[in-house]
Amino acid sequence: MKLGFVSAILDQMSFEEMIDTAAGLGFSCVEVACWPRGKAERRYAGVSHIDVGALTDKEAARILDYCKVRRVEISSLAYYPNTMDGDPEKRAANIAHLKQVIAASHRLGVNLVTTFVGRDQTKTVEENLELFREIWPPIVQEAEGLGVRIAIENCPMLFGLDQWPGGQNLASTPAIWRKLFQIVSSPNFGLNYDPSHFVWQMMDYITPLYEFKDRIFHVHFKDIKLLPDRLREVGTMAYPLEYMVPKLPGLGDVNWGKYVSALTDIGYNDYACIEIEDKAFEGSRERILNSLKISKRYIEQFVI
């Protein structure tokens, strides 16, 4: 596997500084954040290490040369919006930018985009499946025409009051994936698999790897720590951040040995990116860099 990280954690760095950091720490790839320029609407969003709206062939060649010299690949272009937002204007803007990211991924020869399918959080699962049927086939068809694969992450985007009710991402469980893949059967539509989101939903994160092995285009390494005392007090119907906390790999409840073992069973040998969302390692550049070093050192026990 090619080990990297999600670039959003280095939001204060330019693209060049971010790639230099990846090279200096010995990472072989980076999942590059490509949000629209402007104010972030939530944590870890709004980071734009590549401005896809202004990407020319000349700039794309410069980016690829910069990465080649430093021996750091771009695993995917990352943009995680709500393409099924209940607000039609927000929905349209998010879809328009996603299409720019898809086009940029083609132009760079990366040919992979990591994203969410989104969700209208005021609607039922069944209603959202119909909305998905309306919105997503044309997006995937456009990507397929460019030879770009789309890998959707399984984060429910349900953490606190601002995502309630329902969360902002429909594609959160294997049961729903099966329905999405029935609607969009394209081989260019698959998964960015993150085990941490299964943990707080009290789900098995190993078995689905085998069922969906042909759909796994990209994987994340992020951990989640359950807080049993809090869970006993508030239950699983509470806002998730009341009973769990994102952690660095190895500091939470994911069994990384079993996870990586299953990935090797299914023959996965592509990009694996550490996603840092551990607040205990924020606050300074030094702490953020240490979080990448610690995570890399831990994951390298399993991934060579």
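The values are calculated or read from the model by the stated rules, or taken from the named source; none is laboratory data. As the structure is a prediction and not an experimental result, all values here were calculated from the model. Ideal geometry is used to build each Cβ from the backbone, glycine not excepted, and the neighbour counts take in all protein chains shown. Ligands, DNA and RNA are excluded from the accessible area calculation, which covers all protein heavy atoms including side chains. Shrake-Rupley method; radii C 1.70, N 1.55, O 1.52, S 1.80 Å.
A single entry from Glu144, Glu126 fulfils the requirement of being free of Cβ contacts under 8 Å to residues at least 24 places away in the same chain and assigned to a helix (DSSP H, G or I): Glu126. Out of all the residues in the range 253-265, is one or more more than 28 Å from Val110 (Cα to Cα) and in contact with an Asp or Glu (Cβ under 6 Å, 6 or more places away or on another chain)? Looking for residues that are more than 28 Å from Val110 (Cα to Cα) and in contact with an Asp or Glu (Cβ under 6 Å, 6 or more places away or on another chain), one finds at least one in the range 253-265, hence yes. The residues listed here are Arg42, Arg70; of these, the one that is surrounded by fewer than 21 Cβ atoms within 10 Å (Cβ to Cβ), in contact with a helix residue (DSSP H, G or I) (Cβ under 6 Å, 6 or more places away or on another chain) and either modelled with pLDDT under 95 or at negative phi (or both) is Arg70. Of the residues making up the range 271-287, those that are touching a helix residue (DSSP H, G or I) at 6+ places or on another chain (Cβ under 6 Å) and either of a type in the set (Gly, Ala, Ser) or in a helix (DSSP H, G or I) (or both) number 2.
Identify the residue in the range 100-153 that is among the charged types (D, E, K, R) and touching a strand residue (DSSP E or B) at 6+ places or on another chain (Cβ under 9 Å) and, among all such residues, is nearest to Ile50 (Cα to Cα). Filtering first and then ranking leaves Arg149.
Selection of the range 73-97 for residues being open to solvent by 40 Å² or more (accessible area, probe 1.4 Å), among the charged types (D, E, K, R) and either touching a residue at least 24 places away in the same chain (Cβ under 8 Å) or assigned to a helix (DSSP H, G or I) (or both) yields Glu73, Glu89, Lys90, Arg91. Just a yes or no: is a residue in the range 157-177 more than 30 Å from Lys2 (Cβ to Cβ), surrounded by fewer than 20 Cβ atoms within 10 Å (Cβ to Cβ) and free of Cβ contacts under 8 Å to residues at least 12 places away in the same chain? Within the range 157-177, one or more residues are more than 30 Å from Lys2 (Cβ to Cβ), surrounded by fewer than 20 Cβ atoms within 10 Å (Cβ to Cβ) and free of Cβ contacts under 8 Å to residues at least 12 places away in the same chain.
In the set (1) open to solvent by 40 Å² or more (accessible area, probe 1.4 Å); (2) within 20 Å of the chain's Cα centre (by Cα); (3) without any contact (Cβ under 8 Å) to a residue 40 or more places away in the chain, the condition left unmet by Phe212 is number (1). Has the range 255-264 got at least one residue that is open to solvent by less than 20 Å² (accessible area, probe 1.4 Å) and assigned to a loop (DSSP other than H, G, I, E, B)? Scanning the range 255-264, I find no residue that is open to solvent by less than 20 Å² (accessible area, probe 1.4 Å) and assigned to a loop (DSSP other than H, G, I, E, B), so the answer is no.
Please verify whether Leu191 is part of a helix (DSSP H, G or I), modelled with pLDDT of 95 or more and not β-branched (Val, Ile, Thr), treating the condition exactly as stated. For Leu191, the condition - part of a helix (DSSP H, G or I), modelled with pLDDT of 95 or more and not β-branched (Val, Ile, Thr) - is not met.
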